[in-house]
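Shown next, in structure tokens, is the structure this report addresses.
Derivation of every value follows stated rules applied to the coordinates shown; laboratory data play no part. Only a predicted model underlies this, so the values are computations on that prediction, with no experimental measurement involved. FYI the Cβ positions are ideal-geometry reconstructions off the backbone, even for glycines, and counts take in every protein chain you see.
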Amino acid sequence: MKTNNPLRRRGIVLPVSAIVMLALMFVVSLVGIVGFSPAEALDYLWQGVSGGDTNVIYWNLRLPRIVLCVLIGAVLSVSGATYQAVFRNPLTDPYVLGISSGASLGAAVAILLGLESSFFGVGLMALGTALITVLLIYKIASIGNRMHTATLLLTGVCFTFLATAVVSFLMVINQDKMDRIIFWTMGSFSTVAWSDVLILLPVAVLGIAVVLFHSRDLNLLLVGSETAKSLGVEVERVKKILLFCTTLMVAFAVSACGVIGFVGLVVPHCVRLVVGSDNRLIIPYSVVAGGIFLLLCDTLARTVLMPSEIPVGSVTALVGAPMFIYLLYKSKKRF
């Protein structure tokens with residue numbers, strides 16, 4: 001029996017997409033400086049799950065990198081979709097708004113203060129500076145109940161330059177820690193471990209669950225604050241909850257791998273072209289699409305110039321920057 005419900009019809013594709021993502025994770029785990037056959041990889045996976053001896057390169061280096069890559073891709077894309085709904089602007093994402101740069105500033109300060117040994121120390125410092133950034137951007141770009149597009153984008157660009165300038169200054173006066181700070185500014189998965197995955201996983205699951213729970217409210221926010229209020233949405237409360245949860249996810253993502261730009265811009269836009277403007281579909285599809293997108297970008301980053309690596313942030317920027325210019329061009333009449 002056929003159904004005309006688009007949520008159900010398109011929802012069938014979601015588990016298929018998730019299976020494709022898992023299969024892709026397995027395939028890319030075979031590729032690298034040290035290659036593995038499918039049989040070897042399956043054996044190492046079984047040994048790792050069952051507690052036996054396994055290949056160190058596969059289990060302790062490549063696999064956590066792939067899992068964390070998918071997690072962060074999901075976090076950044078969901079955060080981007082949420083920002084676009086809250087600010088009612090398809091051109092926003094954590095990177096464009098300067099929130100990722102604000103989080104990297106906090107991470108850099110934490111490194112200089114000797115908190116690098118504690119992930120939560122770096123994560124909490126990144127969260128603090130990211131929250132300050134999003135609060136200031138929200139206040140500066142708001143005109144009554146409206147968010148002015150040009151002001152929003154210009155404010156985000158200014159905060160990005162400001163955070164980058166402060167981080168650069170910190171690197172100059174602390175050259176002994178320059179390499180570690182550069183890691184945060186370029187984005188890389190080269191030093192991740194299972195501990196990073198275990199710390200980010202609950203934050204990501206909780207944050208994405210909260211956004212999914214409020215996906216109907218996001219639809220109403222897109223129509224307008226007054227309309228949302230008339231339909232029973234506590235607009236300011238919902239905005240604060242969503243901005244806090246998404247900023248929390250972005251801060252911990254930056255703490256794990258540094259600044260990776262444009263994922264939150266490219267992925268939600270592409271998902272919206274496929275499934276429409278309903279956030280009840282955009283959010284779950286962004287989880288899968290974001291994971292796949294960043295996984296492919298990181299695979300290119302670590303394999304194109306083997307044995308050297310390209311910062312994954314450079315790869316995402318090569319895709320995202322032209323997309324951002326295209327969206328700006330399409331939207332210029334509204335500025």
*Using the beta-carbon distance between residue 212 and residue 177 and R0 = 51 Å, what value does 1/(1 + (r/R0)^6) give for FRET efficiency, to the nearest 0.05?*
0.85
*By Kyte-Doolittle mean hydropathy of at least -0.5 and Cα axial length of at least 27 Å, which whole DSSP H helices of the chain are selected?*
63-86, 119-141, 149-173, 194-213, 235-257, 279-303, 312-331
_Only four residue types carry charge here, +1 at the Cβ of Lys and Arg and -1 at the Cβ of Asp and Glu. Report the dipole size of the chain about the Cα centre in Debye, rounded to the nearest 20._
1480
*Roughly how many whole Å is it from the C-alpha centroid of the range 255-315 to that of the range 199-244?*
22
*Taking every pair of alpha-carbon atoms in the chain, give the share separated by more than 26 Å as a whole percent.*
48
*By count of other Cβ within 10 Å, fewest leading, how are 21, 249, 186 ordered?*
186, 21, 249
*Ratio to report: Rg/Rh of the range 28-88, with Cα atoms as the point set and Rh obtained by the Kirkwood method; give two decimals.*
1.22
*Going by C-beta contacts inside 10 Å, put 111, 182 in order with the fewest on the left.*
182, 111
_Packing-based exposure ordering (other Cβ within 10 Å, fewest first) of 180, 302, 237_ = 237, 180, 302
*Debye log10 I(q)/I(0) for the range 127-221, one point scatterer per Cα, at q = 0.15, 0.17, 0.26 Å⁻¹*: -0.94, -1.09, -1.21
*Within the chain, helix-based [θ] at 222 nm, where runs of 4 or more DSSP H residues each add -39,500 (n - 2.57), nearest 500*: -24500 deg cm²/dmol
_Qualifying aspartates and glutamates (Cα of each under 12 Å from Cα of residue 229; at least 8 residues distant if same chain)_ = 217
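Regarding the range 209-296, what is the average projected area of its C-alpha convex hull, in nm²?
Numbers: hull surface 24.0 nm².
If you wrap the Cα atoms of the range 209-296 in a convex hull and average its projections, you get 6.0 nm².
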*Kirkwood-based Rg over Rh for the range 58-137 (C-alpha set), two decimals?*
1.05
_Around residue 63: net Lys/Arg minus Asp/Glu count, Cβ-Cβ under 14 Å_ = -1
*Peptides 46-59, 274-287 ordered by average Cβ neighbours within 10 Å, highest first*: 274-287, 46-59
